[in-house]
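S.K.: One structure coming up, written as structure tokens, with questions to follow.
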Amino acid sequence: MSVYWTSVDSPLGPLLLTAGDDGALTSLSVPGQKGGRAVQDGWRHDPGPFGAAQEQLAAYFAGELKEFRLELRAEGTAFRERVWNALDTVSYGATTTYGEIAARIGASRMAVRAVGGAIGANPLLILRPCHRVIGADGSLTGYAGGLERKIRLLTLEKSP
């Protein structure tokens, strides 16, 4: 399968988007992201498959879009996919905790570390809102894109 990519300017810096032959987005990475993707040999630079994503990201950063309507295809273990699907249920402007995500997927309290690992491995930053997950004590814990970006995203979503 081919991998298509493009870069989109944003208030967080350039966003690297990838998609497969079917046009579904497979990743959105930011510069310096832990586990983020980087352009590989053989990938095809083509902004064509990303028109809707570019429009929706621009509207999101302008404070005009609260829910992305894009086809996403992230591949991971069954556990990770359950965690990622649970992230999709966290509403714009809201936050949740790792323990609450564990409960949503029917995992035990002992699975909170594993939930954190799955959230940290989310390949679709911003689109799949892992930035909305905070510590049980309300602290802003890790974010693969960096805590400064997490704060910026949460602030954007809280502003009128």
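The values are calculated or read from the model by the stated rules, or taken from the named source; none is laboratory data. Note that the coordinates shown come from a computational prediction; the quantities given were computed from them, not determined experimentally. No Cβ is skipped: glycine too gets one built from the backbone with ideal geometry, and neighbour counts run over all protein chains shown. Note: accessible area is taken over every heavy atom of the protein model, side chains too, but ligands, DNA and RNA are not part of it. Shrake-Rupley method; radii C 1.70, N 1.55, O 1.52, S 1.80 Å.
S.K.: List every residue pair whose Cβ atoms lie under 7 Å apart, where the two residues are 6 or more positions apart in sequence or sit on different chains, the first residue falls within the stretch 11-27 and is touching a residue at least 40 places away in the same chain (Cβ under 8 Å) and open to solvent by 20 Å² or more (accessible area, probe 1.4 Å), and the second residue, located anywhere, is charged (D, E, K, R) and outside any loop (DSSP other than H, G, I, E, B).
M.R.: 11/152
S.K.: Please go through the stretch 51-68 and pick out each residue that is among the aromatic types (Phe, Trp, Tyr), part of a helix (DSSP H, G or I) and in contact with a Phe, Trp or Tyr (Cβ under 8 Å, 6 or more places away or on another chain).
M.R.: Within the stretch 51-68, the subset among the aromatic types (Phe, Trp, Tyr) is 60-61, 68.
Filter again for part of a helix (DSSP H, G or I), leaving 60-61.
Listed by number, the list holds a single entry, 60.
Conditions (1) over 28 Å from residue 9 (Cβ atoms); (2) open to solvent by 30 Å² or more (accessible area, probe 1.4 Å), marked per residue:
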residue: 48; (1), (2): no, yes
residue: 53; (1), (2): no, no
residue: 62; (1), (2): no, yes
residue: 66; (1), (2): no, yes
residue: 71; (1), (2): no, yes
residue: 82; (1), (2): yes, yes
residue: 91; (1), (2): no, yes
residue: 94; (1), (2): no, yes
residue: 103; (1), (2): yes, yes
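S.K.: Considering the stretch 133-150 alone, what residues qualify as being touching a helix residue (DSSP H, G or I) at 6+ places or on another chain (Cβ under 7 Å) and not in a strand (DSSP E or B)?
M.R.: Within the stretch 133-150, 136, 140, 142, 143, 144, 150 meet the criteria.
S.K.: If I filter the stretch 99-117 for residues that are farther than 23 Å from residue 37 by Cβ, touching a Pro at 6+ places or on another chain (Cβ under 9 Å) and either part of a helix (DSSP H, G or I) or touching a residue at least 12 places away in the same chain (Cβ under 8 Å) (or both), do I get at least one hit?
M.R.: Checking the stretch 99-117: not a single residue is farther than 23 Å from residue 37 by Cβ, touching a Pro at 6+ places or on another chain (Cβ under 9 Å) and either part of a helix (DSSP H, G or I) or touching a residue at least 12 places away in the same chain (Cβ under 8 Å) (or both).
Quick grid of which residues meet (1) surrounded by 15 or more Cβ atoms within 10 Å (Cβ to Cβ); (2) polar (S, T, N, Q); (3) out of contact with any Asp or Glu (no Cβ under 8 Å at 6 or more places or on another chain):
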site	(1), (2), (3)
113	no, no, yes
125	yes, no, yes
128	yes, no, no
134	yes, no, yes
139	no, yes, yes
154	yes, no, yes
